[in-house]
Amino acid sequence: MNETPLFSDPKIKPNSENLAAALGKNHKLFAEFEEKTSGQGLVLEWNYYNDGKSWLCKILHKKKNLGWLWVENKGFKITFYIPEKAINGVYQLDIDEDIKNAAKEMKPIGKTHPVVLSIKTKKIMNDAMKILEYKRNL
């Protein structure tokens, strides 16, 4: 999942400095994402997971996990796991049609539908914020 060696070492926790190095030009976009999530009362919590041998970031509202974020290829991705009964609500959001189409093609995992976004532009980041808000209100 993660091609950045820095984030496969359990001893090196992601911080501002090594995130900037790993994200390259996308660090500014990540910093803006951090600011937006913080402004909405969300918490980004990094943990090392042995099963995937990498650092992943939970996007939390109180104790509710809204999504998973990881860094790879000088960028970052977010996966949302939307309950089966709520996936149609994602398709009704004012987000890019490519995101909706990709989500429709993803195989369900149990009773959830993964929605994966590769955050490369401000538009996609804003769409991620809309999905976060939707999931937060479920």
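Throughout, read-outs are computed from the coordinates displayed, never taken from laboratory work. Because the structure is a prediction, the values reported are computed rather than measured. All Cβ positions, even for glycine, are placed from backbone atoms using ideal geometry, and neighbour counts span all protein chains on display.
Taking the Cα centre of the chain as origin and charging only Cβ (+1 Lys, Arg; -1 Asp, Glu), how large is the dipole, in debye to the nearest 20? Walk me through the numbers before you get to the answer.
On the way: 23 positive and 17 negative charges, 63 e Å.
The dipole of the chain has a size of about 300 debye.
Could you compute how fast the chain diffuses translationally, taking Rh as the Kirkwood radius over C-alpha pairs and applying Stokes-Einstein at 10 °C with viscosity 1.306 mPa s? Give it in µm² per second. Before the final figure, lay out the partial values.
Details: Rh = 15.4 Å.
Using the Kirkwood radius from Cα pairs, D works out to 103 µm²/s.
Between residue 11 and residue 62, how high is the FRET efficiency from 1/(1 + (r/R0)^6) when r is the Cβ-Cβ distance and R₀ = 41 Å? Nearest 0.05. Present the calculation step by step, with values, prior to reporting the outcome.
On the way: r = 29 Å, r/R0 = 0.72.
For R0 = 41 Å, the calculated efficiency reads 0.90.
Take the alpha-carbon positions of the stretch 85-138, form their convex hull, and give its projected area averaged over all directions (one quarter of the hull surface) in nm².
Details: hull surface 14.5 nm².
The number I arrive at for the stretch 85-138 is 3.6 nm².
Among 115, 43, what is the fewest-to-most ranking by other Cβ atoms within 10 Å? Present the calculation step by step, with values, prior to reporting the outcome.
Values: 115 25, 43 14.
Taking fewest neighbouring Cβ atoms as first place, the list is 43, 115.
Taking H placed 1.01 Å from N in the peptide plane, check which residues at least 5 places from residue 72 or on another chain put their amide H under 5 Å from its amide H.
For residue 72, the qualifying residues are 77.
What does the charge add up to near residue 10, with Lys and Arg as +1, Asp and Glu as -1, over the other residues with Cβ less than 15 Å from its Cβ?
Numbers: positive: 11, 13, 53; negative: 9, 51.
Residues close to residue 10 contribute a combined charge of +1.
Pop out the ³J(HN,Hα) list for the stretch 92-103 in order, Karplus 6.51 cos²θ - 1.76 cosθ + 1.60 with θ = phi - 60°, rounded to Hz; leave Gly and Pro as x.
8, 5, 7, 10, 4, 4, 4, 5, 4, 5, 5, 5
Counting other Cβ atoms within 10 Å of each Cβ, which trypsin sites (Lys or Arg not before Pro) in the stretch 1-103 have at most 14 and sit in a DSSP loop? Write out the running numbers ahead of the final one.
On the way: sites: 11, 25, 28, 36, 53, 58, 62, 63, 64, 74, 77, 85, 100; in loops: 11, 53, 62, 63, 74.
Passing both the DSSP loop test and the Cβ count: 11, 53, 62, 63.
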